[in-house]
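The values are calculated or read from the model by the stated rules, or taken from the named source; none is laboratory data. Just so you know, these numbers come straight off a predicted model, no measurement behind them. When we count neighbours, we look across all protein chains shown, and the Cβ atoms used for this are built from the backbone with ideal geometry, even at glycine.
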Amino acid sequence: MSEDRILLVEDDFSLRELLREELEAEGYPVTAVESAEAAVSQLQQQAPALVLSDLRLPGADGLSLLQHLQPLTPRPALLIITAFGTVRQAVAALQAGADDFITKPLDVDHLLLTVQRLLENRRLYQEVNVYRSLLAEQTFHGMVASSPPMANLFDQVRRVALAEGPVLILGESGTGKELVARAIHEESSRSAGSFLAVNCGGIPGELMESEFFGHVSGAFTGARSRRAGLFQQANGGTLLLDELGEMPGALQAKLLRVLQDGQIRAVGSDQETHVDVRILAATNRDLQAAVEQGEFREDLYFRLETFSLRVPALRERGEDLLQLASFFLARFGARRSHRIRGFSDEALRCLQSYNFPGNVRELENAIERAVTFCDGPLIEPQHLPRRIIEFKAATVPGEADSAQLAAGEFTAWPEDPAALPSIDELQKHYVDHVLTITGGNKRQAAQILGITRRTLYRWLES
């Protein structure tokens, strides 16, 4: 508690010595003085974390110290002791700026609990300020980063924001593609307009056209009234089509039409409506491969690919990993009464050696879990998810085959060309392995694989 220095201001010698002994027995460094004037002199030499002062003092009273505390950063907490515990005095002290008050005769246990609470509140206030500082100084529209790959991405975002054409945002699951899309919107001339995001993989195929383009009354069973679609709702703003690779082919053709002339037609209507919407699209799929496999329209791909941005995976971002881990620790730690100062060296090694297939989202979830289970001052390896603790990187080349790969024992490529597995075999073995370690949880497996559950089901059926 060496940083929790207390300045005790009490003119009664016996009470002053009693309080000094009790506070020092709890581990607090204490400077004890008998007057407000002496306290001011001490404040000029060293700022304490907390001032514990009697209200009634010879000369100036305890509340007069507030004017000397206010300029200090961070401001020390002020706990007032009064022998006149009326509601009026308590309210006056709190309104004047005191953090709390206690009354004589003193209950020492209550005093110590109050001191502990005020000091903890002050620490939390400081940590929240650190978190806000990180957010303000080291983020770009909510993205915490300082690595060269992300600096390059931020520069590209600023450039494409000045244009009006569609933007294709590529990257693995959990890298922050929606944050990039929001940054493009905020940096553009459309920032005053609405920003809407829709998950193309989360809308049933039969409802997707209505969701995008709206419908008129009676267009289909259950359509009792006219409804505006997402393109109309985003008119004048930006629409993000997330998981674009999951969009059905028929709707891809209609999207191409919107990109070409800005015209939409509601389901059940014979009238076209013009909309002014900038389209951003995001996907973790290889759309070029999807085009070659006939799963995505080539003309739509080339139309979207005019402005293409790739969000780096977390493992490519170097020092951003620890910066993000500290950022999330500050965020989640600020919600707890127990203070967590940081990470142990071993926990940092675990984080740095793991490859984070789920990227920033996975790291965020891992830190939230660690904060939840940590009762000490440091995050230790046991507070992290088991997969991070037990992760082992591939070793030097040796003999292996597809059977070893399926069993999760693959460590290197076979030297015999005839024994090399195909891409399909590698994919099947890896998917099976991920499903095994997730206990068959397809939602978690899809997240680790960086694909949608719909894609995972399609892979399992093939």
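Within the stretch 199-253, the residues that satisfy the criterion of being in a helix (DSSP H, G or I) and polar (S, T, N, Q) are Ser210, Gln232, Gln233, Gln252. Count, please, the residues in the stretch 272-312 that happen to be surrounded by fewer than 20 Cβ atoms within 10 Å (Cβ to Cβ) and in a loop (DSSP other than H, G, I, E, B). Final tally of qualifying residues: 11. Of all residues in the stretch 273-287, exactly one satisfies the criterion of being free of Cβ contacts under 8 Å to residues at least 24 places away in the same chain and within 21 Å of Gln260 (Cβ to Cβ), namely His274. As a summary of the residue check, His185 satisfies the conditions (1) within 24 Å of Gly358 (Cβ to Cβ); (2) touching a strand residue (DSSP E or B) at 6+ places or on another chain (Cβ under 9 Å) except for the one numbered (1).
Check whether at least one residue in the stretch 418-426 is modelled with pLDDT under 75 and under 34 Å from the mean Cα position of the chain (by Cα), and report yes or no. Checked the stretch 418-426: no residue is modelled with pLDDT under 75 and under 34 Å from the mean Cα position of the chain (by Cα).
For the stretch 182-197, the condition holds for no residue, the condition being that it is on the phi > 0 side of the Ramachandran plot and surrounded by fewer than 17 Cβ atoms within 10 Å (Cβ to Cβ).
Taken together, the criteria place Phe328 among residues that are outside the structural domain of Glu172 (by TED's automatic domain parsing), free of Cβ contacts under 8 Å to residues at least 60 places away in the same chain and either more than 19 Å from the chain's Cα centre (by Cα) or under 29 Å from Arg158 (Cα atoms) (or both). Going by the conditions given, is Ala325 surrounded by 18 or more Cβ atoms within 10 Å (Cβ to Cβ), in contact with an Asp or Glu (Cβ under 8 Å, 6 or more places away or on another chain) and either of a type in the set (A, V, I, L, M, F, W, C) or under 25 Å from Gly376 (Cα atoms) (or both)? For Ala325, the condition - surrounded by 18 or more Cβ atoms within 10 Å (Cβ to Cβ), in contact with an Asp or Glu (Cβ under 8 Å, 6 or more places away or on another chain) and either of a type in the set (A, V, I, L, M, F, W, C) or under 25 Å from Gly376 (Cα atoms) (or both) - is not met. Scanning the stretch 254-271 for residues that are without any contact (Cβ under 8 Å) to a residue 24 or more places away in the chain and in a helix (DSSP H, G or I) turns up Arg257, Asp261. Being closer than 23 Å to Gly171 by Cα, at pLDDT below 75 and within 34 Å of the chain's Cα centre (by Cα), is that true of even one residue in the stretch 442-451? Scanning the stretch 442-451 turns up at least one residue that is closer than 23 Å to Gly171 by Cα, at pLDDT below 75 and within 34 Å of the chain's Cα centre (by Cα). Screening the stretch 93-112 for residues that are hydrophobic (A, V, I, L, M, F, W, C) and part of a loop (DSSP other than H, G, I, E, B) and picking the one that is nearest to Leu52 (Cα to Cα) gives Ala98.
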